[in-house]
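Scroll down for the structure; my scribbles are underneath it.
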Amino acid sequence: MSDPVFKYRLNQECLSDEIRRAMERIRSVYPGFVVTSTNEAVDGRLTYSKHYETPCQAIDIGLETRYGRKVDPEVIQELIPQSFDIVPKSDHIHLEFDPPGPEDDGW
């Protein structure tokens, strides 16, 4: 099974355990999915974005895998707990760990 592909120079060390577990689930269905953003500064990104938390609680995923397969946000939502928000955008899918309470990680 192919690992996720990280866009050039993205920080992989910042990712939370919850994001890493979600990525494993996504990889099981979408080998070679592409992470397009972790915690780097992006024009228009809110300063309180979960991308900037430590550890990083959000990533962006490309709309296609490295093999050209379309990534479906609805399939991703079925793979991971409800404690994640999946937000389809025009050029990526935003995945954010956002549990309802401090004790609930959804796993």
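Do you know which residues across segment 17-42 are assigned to a loop (DSSP other than H, G, I, E, B) and either within 18 Å of Gln77 (Cα to Cα) or not polar (S, T, N, Q) (or both)?
Those that are assigned to a loop (DSSP other than H, G, I, E, B) and either within 18 Å of Gln77 (Cα to Cα) or not polar (S, T, N, Q) (or both): Tyr30, Pro31, Gly32, Phe33, Glu40, Ala41, Val42.
Which one of Asp85, Asp60, Asp98 is under 14 Å from the mean Cα position of the chain (by Cα), surrounded by 16 or more Cβ atoms within 10 Å (Cβ to Cβ) and either under 24 Å from Glu13 (Cβ atoms) or without any contact (Cβ under 8 Å) to a residue 40 or more places away in the chain (or both)?
Being under 14 Å from the mean Cα position of the chain (by Cα), surrounded by 16 or more Cβ atoms within 10 Å (Cβ to Cβ) and either under 24 Å from Glu13 (Cβ atoms) or without any contact (Cβ under 8 Å) to a residue 40 or more places away in the chain (or both) holds for just one of Asp85, Asp60, Asp98, which is Asp60.
Mind checking which residues of segment 26-42 are farther than 17 Å from Arg66 by Cα and of a type outside the set (Gly, Ala, Ser)?
Scanning segment 26-42 gives Thr38, Asn39, Glu40, Val42.
A short reminder: the numbers here are calculations on the coordinates, not readings from a lab. Here the structure is a predicted model, which means the values were calculated and not measured. Reconstructed Cβ throughout: ideal geometry from the backbone, glycine too, with neighbour counts over all protein chains shown.
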